[in-house]
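Quick notes on the structure that follows.
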Amino acid sequence: MALYDCDFCRGLLYGGWDSGIINNLKDARKEIKQNFTDMDLENASVQEHMGTIVDEMVNELNQLIAEIESIHFR
C-alpha cells in the first residue's frame, strides 16, 4: 500500500477544522479581508490603493484555491 494514497492526499487538502491546505488558504483570505475592514484609513486615496491590493490578494488566493481543488486523486 502506497504511503500517499487518495485519502492521505485529500486529508492534506481538506483536513478537518483548522487544518488542511484549502482551509488555511480560506482562513488567510478571510483574515486579509477582515484586517482591511479593521484598518482606520482616513486618507481616501490610501484606502482605495489598499483596497486594490487587498482585492488582488483575494483574487490570487481564489485562483490558487480553485487550481488546487481541480486536482483529482485516484
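Bear in mind that the values in this text are calculations on the coordinates, not laboratory data. On a predicted model such as this, the values are computed, not experimentally measured, just so you know. Ideal geometry is used to build each Cβ from the backbone, glycine not excepted, and the neighbour counts take in all protein chains shown.
Against the set (1) 53; (2) 39; (3) 25, the structure's computed percent of Cα pairs over 22 Å apart falls on (2). Model label sites at Gln34 and Ile71, defined 7 Å from Cα along the beta-carbon direction, differ in position by 2.7 nm. Think of the stretch 34-74 as having a plus end and a minus end, set by charges on the Cβ of Lys, Arg, Asp and Glu; of Gly51, Asn62, Gln34, Asn62 sits farthest toward the positive end of this dipole.
Using a cutoff of 8 angstrom between alpha carbon atoms and counting only pairs six or more residues apart, the relative contact order for the chain works out to 34 percent. Here the sum of -39500 (n - 2.57) over DSSP H runs of 4 or more residues, divided by the residues of the chain, equals -24000 deg cm²/dmol at 222 nm, to the nearest 500. Computed from the C-beta positions of Ile22 and Ile53 and an R0 of 30 Å, the FRET efficiency is 0.80 to the nearest 0.05.
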